[in-house]
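*Asks:* If you scroll down you'll find the structure; I have some questions about it.
Just so you know, all these numbers are worked out from the coordinates, no wet-lab data involved. What you are looking at is a predicted structure, and each value in this text was computed from that prediction instead of being measured. Neighbour counts are summed over all protein chains in view; Cβ atoms, including those assigned to glycine, are modelled from backbone coordinates with ideal geometry.
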Amino acid sequence: MPVTIRSFAKINLGLKIGPHREDGFHELRTVYQTVALHDVLRLQVTRGTGIEIRTRDPRVPTDESNTCYRIAERGMKALKARGRVVLHIEKSLPVQGGLGGASSNAVATLLALERLVGTQLAPEERLRLAAEVGSDLPLFLLGGTVLGTGRGEEVYPLPDQPPLDCVLVTPEVGVSTPRAFADWDCSPSGKLTASRYSDKLSGFSRTVFAWLSGFSTGVPTHKGGNRAEALLLDLVRAGIENDFEDVVFPQHPELRHVKRALEREGARYASLSGSGSTVYGLFESRAAARKAAARLQAAGLPALASRTLTRREYWRRIWK
Ligand code: C5P
């Protein structure tokens, strides 16, 4: 019997790039947030050997360059399972869009494999496999609001935030993540001294701490309005921006225009997600998000209204 699983997207609520490390990666600080938009994956293990990926989307690779292929190979080994893995990917998320689609697909593949085989890997083994395949995979082992450090693969669950309505716009602009990091290194902002980097990263930690404190004590910094709106206003005030905007916007000015358009349509906070090309806006109500998405679509932009997904909802809705 095949297993069907939802593979949700993420956005980055702020992202700070730190120094270039000896292993070639960059130290990062980010807050990931899962959203309701998702792909659907159907997985089965049949007689035979190997891994077969089927999809109607020609942009999705079906060979070992697909993160699902790589994790399925490792997962079968770790689970000491035999057979041919047949994976069908029904794609709704944009490919290479800064929404972590490929990473999320890979984690969904691992979870579905575990269910099919009837064995669960130990949490640290799951984390090890996920982190080996990519920096953006481990967050999908937690879901909800997640702090990401290290190269993004060291993840810690943050308290669930009230769901927020959002609009995601993914223009057909190919932004390469390795290239964006390389551009960062050459940019004036990427040439900080070690102590300036350290100040910058601890500044991010302090900002997130202050932002979260409002929720854990039940006293948001912003007075009045509902909790979700308070979060929005606190976020804007906290100013946790995405460093990638500094290098990606000058190269793709249309993405800066999308951010401005979201702000004009009433977003309380708008930002590039990861290295893009998705730009998202957070809205104070579902009606406001839907109206903004409709107006942006009418202006020719590929806008979708969605909602952030708490950890609880993430796990409640993952199996289809
Ligand atoms: O880990 P992942 O496969 O997503 O990374 C893709 C590429 O992005 C890496 O090979 C590296 O060039 C760059 N990267 C980085 N620092 C990070 C994450 C990714 O330089 N923290």
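*Asks:* Stokes-Einstein D for the chain at 20 °C, 1.002 mPa s, Kirkwood Rh over Cα pairs, in µm²/s?
*Replies:* On the way: Rh = 20.2 Å.
This corresponds to a translational diffusion coefficient of 106 µm²/s.
*Asks:* Please give, to one decimal in nm, the separation of the simple spin-label points placed at Thr62 and Glu22, each 7 Å out from Cα toward the Cβ.
*Replies:* Modelled inter-label distance: 4.4 nm.
*Asks:* Angle check, please: helix 67-78 long axis (alpha carbons) against the longest principal axis of the chain (alpha carbons), in degrees 0 to 90, nearest 10.
*Replies:* 50
*Asks:* Do any of Lys191/Lys259; Lys16/Lys77; Lys77/Lys320 go past 28 Å between their Cα atoms, and which? Display every interim value, and only then the final one.
*Replies:* Working: Lys191/Lys259 26 Å; Lys16/Lys77 35 Å; Lys77/Lys320 26 Å.
From the list (Lys191/Lys259; Lys16/Lys77; Lys77/Lys320), the Cα-Cα distance tops 28 Å for Lys16/Lys77.
*Asks:* Only loop residues by DSSP count here, and only those with at most 15 other Cβ atoms within 10 Å; note down the GluC sites (Glu not before Pro) in region 87-178 that meet that.
*Replies:* Sparse-neighbourhood loop GluC sites (Glu not before Pro): Glu172.
*Asks:* Still on this structure: Only loop residues by DSSP count here, and only those with at most 14 other Cβ atoms within 10 Å; note down the trypsin sites (Lys or Arg not before Pro) in region 52-108 that meet that. All intermediate terms of the calculation are to be shown ahead of the outcome.
*Replies:* Working: sites: Arg54, Arg56, Arg59, Arg70, Arg74, Lys77, Lys80, Arg82, Arg84, Lys91; in loops: Arg56, Arg59, Lys80, Arg82, Lys91.
In loop regions of region 52-108 (DSSP not H, G, I, E or B), the sparsely surrounded trypsin sites (Lys or Arg not before Pro) are Arg56, Arg59, Lys80, Arg82.
*Asks:* Now, a different point. Mind pulling the angle between the C-alpha long axis of helix 227-238 and the longest principal axis of the chain? Nearest 10 degrees, somewhere in 0 to 90.
*Replies:* That helix lies at roughly 70 degrees to the long axis.
*Asks:* Sort Cys68, Cys186 so the one with the fewest other Cβ atoms within 10 Å of its own Cβ comes first. Could you put the intermediate results ahead of the total?
*Replies:* On the way: Cys68 30, Cys186 9.
Result, fewest neighbours first: Cys186, Cys68.
*Asks:* So how tilted is helix 253-264 from the main axis of the chain? Cα-based, degrees 0 to 90, rounded to 10.
*Replies:* 70
*Asks:* Now for a different question. What number, rounded to the nearest 500 deg cm²/dmol, is the helix-based mean residue ellipticity at 222 nm of the chain, given -39500 (n - 2.57) per DSSP H run of at least four residues and division by all its residues?
*Replies:* On the way: 10 runs with 125 residues, N = 320.
The helix contribution divided over the chain gives -12500 deg cm²/dmol.
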